[in-house]
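Okay, structure first, notes after.
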Amino acid sequence: MTAEPPVTPATAGEPAPRRRRDATETRQLLLDAARQRFARDGYAATTVRDIADDAGVNVALISRYFSSKEGLFEACLRAAGDELHRTAGQTPAERVPEAIARHIADLGTAGLSSQLTLLLRSSGDAGADEIRRGVLSRASEQLAAARGWRPGEPGSEKILLRAQMALAAGIGVAVLRSSSIQLEPLSAATEQDLVGPLRELVDALLPPH
């Protein structure tokens, strides 16, 4: 495991040196800072120096760990994709509505998660938007696969379309529950309140095979 160089001990009256960080911790600090910046300010308006300053690290470390601003943005989106994968791709088909309901309830009404905001907000950059489409496409394919979708088989396009509609509905519920909208009674609904309607929705769009 690599680590940033240690800092020499401070003499009396000098500020204490910063704690030594390893590469994994520094990388995560950059990811967390970048996710917040990209979600709040957008891709185009965010600079690598903004991110490094927020993370409290040297700006050169972005190139070391992510190659570029685009590489860092892609890493943030892939983390958001992993979150969707856990909901849509690693859940038994019959438990998909419960998983979606739990994920939406966990977001609460304080606001959309930075991961979800990243997936919804246009970046103004063609390469970044292509990455976003790829993440959402894989998430819908995982959801479709849980309900019997197999690429190239007859009717597969229809199943994938319906999976994309189910994914869009789940994201829409999260948006309407967010602090900027708080549509009642949806925003006050608990996980248990959401499971029934979401099961009906998912089963209607993607009947169990």
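Residue pairs whose Cβ atoms lie under 7 Å apart, sitting 6 or more positions apart in sequence or on different chains, and linking a residue in the stretch 37-66 that is on the phi > 0 side of the Ramachandran plot to a partner that is of a type in the set (S, T, N, Q) and surrounded by 13 or more Cβ atoms within 10 Å (Cβ to Cβ), are G42/S123. Within the set E70, E98, E74, the sole residue that is at pLDDT 75 or above, more than 20 Å from G134 (Cβ to Cβ) and not polar (S, T, N, Q) turns out to be E98. For the stretch 174-184, indicate whether the set of residues that are open to solvent by 50 Å² or more (accessible area, probe 1.4 Å), under 25 Å from A75 (Cα atoms), in a loop (DSSP other than H, G, I, E, B) and not acidic (D, E) is non-empty. No, the stretch 174-184 contains no residue that is open to solvent by 50 Å² or more (accessible area, probe 1.4 Å), under 25 Å from A75 (Cα atoms), in a loop (DSSP other than H, G, I, E, B) and not acidic (D, E). Taking the stretch 131-165 as the range and being surrounded by fewer than 18 Cβ atoms within 10 Å (Cβ to Cβ) and either in contact with a His (Cβ under 6 Å, 6 or more places away or on another chain) or at pLDDT below 85 (or both) as the test, only G148 passes. Would you check if A12 is open to solvent by 60 Å² or more (accessible area, probe 1.4 Å), out of contact with any Ser or Thr (no Cβ under 6 Å at 6 or more places or on another chain) and at pLDDT 75 or above? Considered against the rule, which asks whether it is open to solvent by 60 Å² or more (accessible area, probe 1.4 Å), out of contact with any Ser or Thr (no Cβ under 6 Å at 6 or more places or on another chain) and at pLDDT 75 or above, A12 comes out as no.
The values are calculated or read from the model by the stated rules, or taken from the named source; none is laboratory data. Computed from a prediction, not measured in an experiment: that's the story for all the values here. Neighbour counts are summed over all protein chains in view; Cβ atoms, including those assigned to glycine, are modelled from backbone coordinates with ideal geometry. To get the accessible areas, we keep the full protein, side chains included, count just its heavy atoms, and leave off ligands, DNA and RNA. Shrake-Rupley method; radii C 1.70, N 1.55, O 1.52, S 1.80 Å.
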